């Protein structure tokens, strides 16, 4: 009888372990490239939305020496139910023999009604945070307006809802927000932890902390219905290239450059060393923008007319920054590929040459990555 009880007890332990393993496997799937040589003691960067574009941006930044971290380990996190085909990303890193990046697939149940609370991904978010020295939220498609309790504008395109669910819930877990003011965010334990949001990433930071969005800049802020009316407004308020919509056959540059206005009290000036009078040109590609600001954030850069928010940063967590533009695009540093920006342009030019002609613009982009690199290193050291 005693031996039978022991056997039964051992069987229960084995079954419990199998169930636990099965549960963890259903939530978390970490994939390494073949021949991976990741340094377990290296600096650990987590990125959300590890698309080919995101990976090319990281590769470009490292080649340019702008993400100057020799022992960098990157984990690309995504949800199994996302629409993006991440097999293309996995094929890309194999072809490029990138051994410093892994993929992490999550599969917990996430939906519009459980984002701002503990949910089946909460433990995974906490583990990712604990295993990271910093996080980047990359750009992408429109956030479903029902997440921030708004109706959907006819110009809003909801194409990646599961991605939005996961990333916005992750932001809430990291930083907290108005949707549950009593929630204790992860950054309370590591206030210096760096979080960078780029374009959609800024919008996710804002919505995740309880803010809202302008769903279409040209119609809601400027009251314009037609592309030709937008062109008449002038380049400083375009935010994407209207000519590329009118003349797709001309293969014009699809984005736009415009100057921004920096606020003296923001980290772009006080930490990165820019001057309040500087008006650097940035690479812009969006039609939505932050409206009501999320909990703990303040606006630290705007368009020249101050109607469009271009940067937000957290008032309590000093290394949380959202930028409504793209300092990561590889084309910024490309000295070969040339473009025309309008149908009337006679000559083509490179992006890097364009920015070099605009005072403080190239320096501004470099300072952003210098700040983020240093923030990652300090986070790794526990500073």
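Among the residues that make up segment 195-210, is at least one of them out of contact with any strand residue (DSSP E or B) (no Cβ under 8 Å at 6 or more places or on another chain), in a helix (DSSP H, G or I), at pLDDT 95 or above and more than 23 Å from residue 122 (Cα to Cα)?
Checking segment 195-210: not a single residue is out of contact with any strand residue (DSSP E or B) (no Cβ under 8 Å at 6 or more places or on another chain), in a helix (DSSP H, G or I), at pLDDT 95 or above and more than 23 Å from residue 122 (Cα to Cα).
Could we say that residue 177 is within 20 Å of residue 49 (Cα to Cα) and modelled with pLDDT of 95 or more here?
It is false that residue 177 is within 20 Å of residue 49 (Cα to Cα) and modelled with pLDDT of 95 or more.
Given the criteria touching a strand residue (DSSP E or B) at 6+ places or on another chain (Cβ under 9 Å) and exposed (fewer than 14 other Cβ atoms within 10 Å of the Cβ), does residue 127 qualify?
yes
Can you tell me which residue within segment 240-251, out of those that are modelled with pLDDT of 95 or more and in a loop (DSSP other than H, G, I, E, B), is nearest to the chain's Cα centre (by Cα)?
Filtering segment 240-251 for residues that are modelled with pLDDT of 95 or more and in a loop (DSSP other than H, G, I, E, B), the one nearest to the chain's Cα centre (by Cα) comes out as 240.
If we scan segment 104-111, do we find a residue that is surrounded by fewer than 21 Cβ atoms within 10 Å (Cβ to Cβ) and under 19 Å from the mean Cα position of the chain (by Cα)?
Yes, segment 104-111 contains at least one residue that is surrounded by fewer than 21 Cβ atoms within 10 Å (Cβ to Cβ) and under 19 Å from the mean Cα position of the chain (by Cα).
Just checking, does segment 29-49 include any residue being part of a loop (DSSP other than H, G, I, E, B), in contact with a helix residue (DSSP H, G or I) (Cβ under 7 Å, 6 or more places away or on another chain), modelled with pLDDT of 95 or more and surrounded by 10 or more Cβ atoms within 10 Å (Cβ to Cβ)?
yes
Anything in segment 337-363 that is touching a residue at least 60 places away in the same chain (Cβ under 8 Å) and in contact with a helix residue (DSSP H, G or I) (Cβ under 8 Å, 6 or more places away or on another chain)? List them, or say none.
Passing the criteria: 339, 340, 341, 342, 343, 351, 355, 361.
Please work out if residue 132 is in contact with a helix residue (DSSP H, G or I) (Cβ under 8 Å, 6 or more places away or on another chain) and touching a residue at least 12 places away in the same chain (Cβ under 8 Å).
The answer is no for residue 132.
What are the residues in segment 250-266 that are buried (at least 21 other Cβ atoms within 10 Å of the Cβ) and closer than 25 Å to residue 192 by Cβ, if any?
Hit for segment 250-266 is 262, nothing else.
Go through segment 265-284 and report how many residues are more than 19 Å from residue 140 (Cα to Cα), touching a strand residue (DSSP E or B) at 6+ places or on another chain (Cβ under 6 Å) and not in a loop (DSSP other than H, G, I, E, B).
4
Scanning for something surrounded by 22 or more Cβ atoms within 10 Å (Cβ to Cβ), touching a residue at least 40 places away in the same chain (Cβ under 8 Å) and assigned to a helix (DSSP H, G or I), does segment 232-239 turn up at least one residue?
no
The values are calculated or read from the model by the stated rules, or taken from the named source; none is laboratory data. Just so it is clear, the model here is predicted, and its values are computed rather than measured. Note: ideal-geometry Cβ built from the backbone for every residue, glycine included; neighbour counts use all protein chains shown.
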